[in-house]
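The values are calculated or read from the model by the stated rules, or taken from the named source; none is laboratory data. Source: prediction; values computed, not measured. Neighbour counts are summed over all protein chains in view; Cβ atoms, including those assigned to glycine, are modelled from backbone coordinates with ideal geometry. What goes into the accessible areas is simple: the full protein's heavy atoms, side chains included, and nothing from ligands, DNA or RNA. Shrake-Rupley method; radii C 1.70, N 1.55, O 1.52, S 1.80 Å.
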Amino acid sequence: MDIREMKLADYEDIYRLWKETDIILKRSDQKQEIDRMLKRNPYTCLVGEIDGVIVSVVMGGFDGRRGYVHHLAVKKELQKQGLGRIMMEELISRFQELKVIKVHLFVEENNKAVKEFYKNIGFEERTDLTDFSLTLIE
Ligand SMILES: CC(C)(COP(=O)(O)OP(=O)(O)OC[C@H]1O[C@@H](n2cnc3c(N)ncnc32)[C@H](O)[C@@H]1OP(=O)(O)O)[C@@H](O)C(=O)NCCC(=O)NCCS
């Protein structure tokens, strides 16, 4: 698998991959929002390709204080072969280059398999925090 930075032209392929892998897609996943994400985080939004076909994706965002991981996905038939780990390793190494101190990500409470995946690659489950959100645009 070759990893490269995501381009807006990849949007339709990536959106299909997210849908196929049951990622919950919302307003922030519309093309113009992904465009904004890519403009702010060109170095940390990545796709993985095999024979020119996108098989994995992850978006990393750095807000100047923390790194955030969004929408990691690996094509269903290629899961459990180490590709997710490789994508995360590339993203983490880029966050390290940017001198990011700590990286956060959110997992749906019922997504037990993904919790195990992140623990397996070194993330620590936080039980001392509760997430609060405020929606500014419906
Ligand atoms: C989560 C996801 C990206 C993992 O990608 P993957 O390529 O299947 O994972 P890997 O093969 O790289 O696994 C890395 C490690 O996690 C472990 N792991 C992977 N899936 C696991 C699972 N379901 N349960 C337990 N451990 C798991 C692997 O055993 C591996 O450990 P090892 O290297 O010690 O053998 C992939 O399953 C996916 O696309 N899921 C659907 C989308 C999703 O839910 N994304 C997360 C949004 S928060």
In segment 60-82, which residues are in contact with a His (Cβ under 9 Å, 6 or more places away or on another chain) and over 14 Å from LEU46 (Cα atoms)?
ARG66, GLY67
Contact list, first residue from segment 106-124 and under 18 Å from LEU83 (Cβ atoms), second anywhere and assigned to a loop (DSSP other than H, G, I, E, B), beta-carbon distance below 6 Å, six or more apart or interchain, is VAL114/VAL107
Is it fair to say GLU90 is in contact (Cβ under 8 Å) with a residue 60 or more places away in the chain, farther than 26 Å from ASP128 by Cβ and not β-branched (Val, Ile, Thr)?
yes
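How many residues are basic (Lys, Arg) and within 17 Å of ALA73 (Cα to Cα) if we restrict to segment 86-138?
Within segment 86-138, residues that are basic (Lys, Arg) and within 17 Å of ALA73 (Cα to Cα) number 3.
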Restricting to helices (runs of 4 or more DSSP H) lying wholly in segment 20-138: which have 1 or more residues that are open to solvent by less than 90 Å² (accessible area, probe 1.4 Å) and within 14 Å of the ligand (Cβ to nearest atom)?
83-97, 112-120
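One line per residue, one yes/no per condition, for (1) touching a helix residue (DSSP H, G or I) at 6+ places or on another chain (Cβ under 7 Å); (2) small (Gly, Ala, Ser):
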| residue | (1), (2) |
| --- | --- |
| HIS71 | yes, no |
| GLU90 | no, no |
| SER93 | no, yes |
| LYS119 | no, no |
| GLU124 | no, no |
